[in-house]
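K.L.:
This structure is in structure tokens; I'll ask about it shortly.
Each value in this text was obtained by applying a stated rule to the coordinates, not by laboratory testing. Only a predicted model underlies this, so the values are computations on that prediction, with no experimental measurement involved. When we count neighbours, we look across all protein chains shown, and the Cβ atoms used for this are built from the backbone with ideal geometry, even at glycine.
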Amino acid sequence: MLARVCSAASLSRVSCRIRNKSSAAKTKTVDAEEQSTSVETPAFVPVPIIPTTEPLKVEGLRAGKKYYWCTCGLSMKQPFCDNSHKGTAFKPRAFILKDTPTEPIMFCGCKQTKHAPFCDDSHLALETK
């Protein structure tokens, strides 16, 4: 997310501080005419690889243990992270189960879920496209 704070140094020059959530603030001075016609570029949003369009069934997980769900789609140990994201904008999603599951858990394999790391059937929309 970008935040822009501008102040007029004079009527013809404007100084803007542009702050990106993931980086330090940068100051840029532009002409007022350029400022009024410039278009703000949206923040970069990384798009994950889709390793499968089906949920991934996992058994044997334990309560209280920290697990890391792959968000980039590059891991060879899906649905879990194997650090293949190194050098990308992705970070794994950590989670801890409160209770030991008695049934297999369905993890998202398409990386499109709104309830990460669990499958919410978002893959069904991908299959119809």
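K.L.:
With +1 on each Lys and Arg Cβ and -1 on each Asp and Glu Cβ, and nothing else charged, work out how big the dipole of region 57-123 is about its Cα centre, in Debye to the nearest 20.
P.N.:
Numbers: 11 positive and 6 negative charges, 69 e Å.
Roughly 340 debye for region 57-123.
K.L.:
Within region 70-129, how many Lys pairs that are eight or more residues apart, or on different chains, come under 24 Å at the alpha-carbon?
P.N.:
Step by step, the pairs that qualify in region 70-129 add up to 13.
K.L.:
So if each residue of separation counts as 0.36 nm, and I subtract the Cα-Cα distance between residue 63 and residue 89, what length gain in nm does that give? Walk me through the numbers before you get to the answer.
P.N.:
Working: separation 26, 0.36 × 26 = 9.36 nm, distance 2.93 nm.
That pair, residue 63 and residue 89, stretches by 6.4 nm at full extension.
K.L.:
Tally Lys/Arg at +1 and Asp/Glu at -1 over every other residue whose Cβ is under 13 Å from the Cβ of residue 104; what's the total?
P.N.:
Numbers: positive: 57; negative: 59, 103.
Neighbour charge sum, excluding residue 104 itself: -1.
K.L.:
Still on this structure, please answer the following. Can you list the HN-Hα couplings for region 86-102, worked out from phi with the Karplus curve (6.51, -1.76, 1.60; θ = phi - 60°), rounded to whole Hz and with x for Gly and Pro?
P.N.:
So the J values, rounded to whole Hz, are 3, x, 10, 7, 8, 9, x, 9, 7, 8, 10, 7, 6, 10, 6, x, 9.
K.L.:
Residue 70: net charge of surrounding residues, Cβ under 13 Å, Lys/Arg +1, Asp/Glu -1, itself excluded?
P.N.:
Overall, the nearby charge balance is +4.
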